[in-house]
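The values are calculated or read from the model by the stated rules, or taken from the named source; none is laboratory data. Just so you know, these numbers come straight off a predicted model, no measurement behind them. In this analysis, Cβ positions are derived from the backbone assuming ideal geometry, glycine residues included, and neighbour counts consider all displayed protein chains. Note: accessible area is taken over every heavy atom of the protein model, side chains too, but ligands, DNA and RNA are not part of it. Shrake-Rupley method; radii C 1.70, N 1.55, O 1.52, S 1.80 Å.
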Amino acid sequence: MGGLVAEGPGLRLDLDVFDYLILAIYFATVLGIGFAARRAITSSSDFFLSGRSMPAWVTGIAFVSANLGALEIIGMAANGAQYGLMTLHYYWIGAVPAMVFLGIVMMPFYYGSKVRSVPEFLRRRFNTPTHLLNAIIFAIAQVLIAGVNLYALALILDALLNWPLWLSIVIGAAIVLTYISIGGLSSAIYNEVLQFFVILAGLLPLTIVGLVKVGGIDGLFDKVRNSDLGDAALHTWQGTANSGNPLGANWIGIVFGLGFVLSFGYWTTNFAEVQRALSAKDMSAARRTPIIGAFPKLLIPAVTVIPGLVAVVTVKGLGASSGDLTYNNSIPLLMRDLLPNGVLGVAVTGLVASFMAGMAANVSGFNTVFTYDLWQTYVRKGRSDEYYLRVGRWATVGGIIISIGTAFIASGYDNIMNYIQALFSLINAPLFATFIVGMFWKRMSAPAGFWSLLLGTLSSLTLYLLYLGDVVKFNSDLSESFWGAGLAFTTAVVVAVLVTLVTKPKPENDLRGLVYGLAGTSTSGDAVLAADKVWWRNPALLGGIAVVLALLLYIPVW
Amino acid sequence: MTDDEELKKRSAAAKLFDIRRVIGALFVVYGVIVTLLGIFDNQSEIDKASGVRINLWMGLAMLALGGVFLAWQWWRPPVAPTDEDLQTSDETPSGT
């Protein structure tokens, strides 16, 4: 775990009473939102799906914010310092097309079929075993990732503020527990929206002061060109004909590995994300949710990748393999060097907020799937709605207690970013394959869904274990997760086709509204288009603008 | 969608407070604190930030952001969804 933050006093920030006041006001606001959101909860649907009442701008910001955890921010600044501008691929080709695809093509199926979770969609499209398998994998993954967030929060607070680990873990867990178990998803979403603005307010001064220090963008690029990174770090596509570039990946790997399998897998099937769109007030708002999220996603690298580059040219010796000067410490180091008290408090608050929001997204995904997909479907059917609302609150408590346990599992890993990437390649890639085939090929049978998901997951798990056991070798952990994702995707598609050929298809009437070309009333072309009466609310148009902007942004840094 | 569900949906939407007010209030408070700190910043703090009066500028920017959210909420107060809204949003409850 030394990869993220090292011991020692080197990173210690000198917070004063005003910085702590800013942090304390934030904690009070978060808890206040939880208590205020409680008034709006009268049914389990209010608790788990915000009563499907959220406006699109709220769900859109929450959608991008659920992804904007502190791990992501710290990790992307680290990648910026290590790989240069090629990190932009994670934001542009690696996110925007998938978000737009989710909004335009897939959301009519998710929202229109009125499912309450991604596993529930699988139950209706395929069968119960597929549903059970996915629900269990998802629930386990969510508490593992929540534990990682909790542990990373504790490490950061230990390094920056000298808080003991156990104290940060207990405080972080207690605050998230309070506002989710009381206020449910509304509380999580509202806090995500608030957190989005707070983290930007924390990162913006870092970027501004950093750029002034190095003489603007031109000064920064000059200094990077003369640094060890060199000119290659200032290009995104040039030099991707082969793998002789900072990222070590060629354009095929970037387009298909990152841009297609990993990115589509993450954004389109990860329930912690999709849940935000399911809480939107109508179909049009649900479809616009990921597309509205794509616009901030385009611009976020300005406050993560640029500080990473500033750090590499201003912090002497950055890039050590251990100690205080690892790439992962780029943002904390700049906070220490550049920010005076005041904005420093805002920046620390932003980091703390984003850890809590990341954890809250995992926990609110977990309690929904546990309650609706596991408890209500397999353990206690047909009870009253109040009963399931109570189960949801207890599931939140249980999920958080388990997260505290998994936080200590995470402490056993050297590099938590790679641990998370490995989890994504195990979970999302096969699920995406099963989904995409099932959604576009009505012939795909129910057993095919189960076997493709199971064997796809097992294939990448096997590769991961062989890699850990040194039986199979890759250039880097990143390269393993790319190949693992590719293998899982291919296996899942092949198995889906083979099993379908020898089994009976589901009757077409059972698939209406779930499969492309077999539209239910909600997913026919007319119904989908009719929802968008004003042109500036048209998801296809907004999505097209987002993709074009991504292309244009690439031009100056190709 | 049944009448019962419809009623619940409307009540949930109506009862939920407006997040714009919370964002606006938080940023106005942050803006005031940080702006005041910025006004009284001493030279060593300004030097730390490469000569930028970052507290002053960020404080004013946060004050402005908070003001925009409060003004937006005042300009377009939240409305409980009408019957028409609920119908257009749920024209197609398949499966329920």
- Note on the structure: Cβ-Cβ cut-off under 13 Å around A:N341, Lys and Arg +1, Asp and Glu -1: the net charge is -3
- Share of Cα-Cα pairs in the range A:120-271 beyond 26 Å, in percent? 58
- Note on the structure: Taking every other residue with Cβ under 13 Å from the Cβ of A:N509 and scoring Lys and Arg +1, Asp and Glu -1, one gets +2
- For A:W267, net neighbour charge (Lys/Arg +1, Asp/Glu -1) across residues whose Cβ lies under 12 Å away: +1
- Debye log10 I(q)/I(0) for the range A:144-231, one point scatterer per Cα, at q = 0.12, 0.21, 0.22, 0.26 Å⁻¹: -0.62, -1.03, -1.07, -1.21
- Query: Using all Cα-Cα distances in the range A:432-472, what percent lands in each 10 angstrom bin from 0 up to the longest?
  - Reply: 28, 38, 22, 11, 0
- How large is Rg/Rh for the range A:78-186, to two decimals, with Cα atoms and a Kirkwood Rh? 1.08
- Item | Against the rule of thumb 2.2 N^0.38 Å, how large the Cα Rg of the range A:256-316 comes out | 1.52
- Quote the accessible area belonging to A:F440 in square angstrom, nearest 10, computed with a 1.4 Å probe and with ligands, DNA and RNA left uncounted. 90
- Counting alpha carbon pairs within less than 8 Å and at least 6 residues apart, what relative contact order, in whole percent, applies to chain A? 30
- Note on the structure: Sorted by accessible surface (1.4 Å probe, heavy atoms of the protein chains only), largest first, A:L338, A:L262 come out as A:L262, A:L338
- By accessible area (1.4 Å), largest first, B:W75, A:W483 order as B:W75, A:W483
- Item | Area buried, chain B against chain A - accessible surface, total, 1.4 angstrom probe, square angstrom | 3900
- What's the angle, to the nearest 10 degrees (0 to 90), between helix A:301-314's Cα axis and the longest principal axis of chain A? 30
- Item | Length gained when the stretch A:L498-A:N162 is fully extended (0.36 nm per residue, less Cα-Cα span) | 115.3 nm
- Task: For the protein assembly as shown, just run the numbers: alpha carbon Rg, then divide by 2.2 N^0.38 Å, N being how many residues it has.
- Result: 0.93
- Message: How tilted is helix A:539-554 with respect to the longest principal axis of chain A? Cα atoms for both, answer in degrees (0 to 90, nearest 10).
- Response: 30
- Determine the alpha carbon to alpha carbon distance for each of A:K297/B:K48; A:K381/A:K442; A:K223/A:K316; A:K213/A:K316; A:K281/A:K442 and list only those over 20 Å. A:K297/B:K48; A:K381/A:K442; A:K281/A:K442
